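For reference, the structure discussed in these notes is given below.
Each value in this text was obtained by applying a stated rule to the coordinates, not by laboratory testing. Computed from a predicted model, the values in this text were never measured in an experiment. Positions of Cβ are backbone-derived with ideal geometry, glycine not excepted, and every protein chain shown enters the neighbour counts.
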Amino acid sequence: MNGKVASTRGNLIRMNRSLLLAQKGHDLLEQKRQILMMELVKHIEEAKAVQKDMAQVFASAYKALERANISLGIDTVEEVAHAIPEEARFVIRLRSVVGVEVPEVDELEGKLEPSYSFFGTSGALDAAYLAFRQVLHLLSRLAEAETSIYRLAFQIRKTHRRVNALEKVAIPFYRSAIAAMESALEEGEREDFVRMKIAKGKFAKERERRG
């Protein structure tokens with residue numbers, strides 16, 4: 001954008017068109033940034049709420065685990081824990097927010113089926129199992145919120161740079177170039193007018209001399 005553009009009517013029309021497109025692009029990007037900011041704030045608040053819930057649920061889960069360890073023994077609890085299969089039923093969907101894909105994790109479905117025998121275990125172990133299932137649910141929600149925050153923040157920074165580039169570089173350049181072109185064209189028109197007046201005067205004098 002540093003090159004000098006010739007002051008012609010065609011270039012002036014193209015510059016005005018480019019300025020209009022830059023202004024429209026700036027307005028659209030600014031709207032996009034505002035929408036992304038609102039979505040980001042929503043996910044930040046959600047993450048804070050989930051973290052608060054997790055602190056309480058984790059505390060309850062570890063207390064339940066301590067009671068199970070006391071009633072059954074650490075070795076027995078550890079053996080039962082290894083018998084419980086890893087959870088693989090997470091369903092992750094993607095939702096578009098003005099072009100930014102943010103995840104949505106479905107809640108775990110299905111009935112809880114015990115993976116260990118009731119013989120040789122206790123209600124304390126069942127309580128710990130249910131408490132850590134709640135921890136798992138909260139972890140999925142936290143992962144959803146934090147991933148969304150990262151993706152939205154990255155896109156907001158990218159959009160912010162584009163808005164600044166249009167606002168501080170492109171639009172001022174086009175406005176300055178248009179003003180310079182209009183001034184040069186007006187100056188050229190004045191010079192042409194003066195030349196025409198001089199030529200017309202000379203032509204009139206020449207006619208009088210010959211007539």
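Summing charges over neighbours of Ala131, with a neighbour being any other residue whose Cβ is under 11 Å away from its Cβ, gives +2 when K and R count +1 and D and E count -1. Going from the fewest other Cβ atoms within 10 Å to the most, the residues Ser148, Ser96, Ser183, Ser7 appear in the order Ser96, Ser183, Ser7, Ser148. Taking a cut-off of 11 Å, what percent of all Cα-Cα pairs in segment 7-56 are separated by more than that? In whole percent, the long-distance tail amounts to 74.
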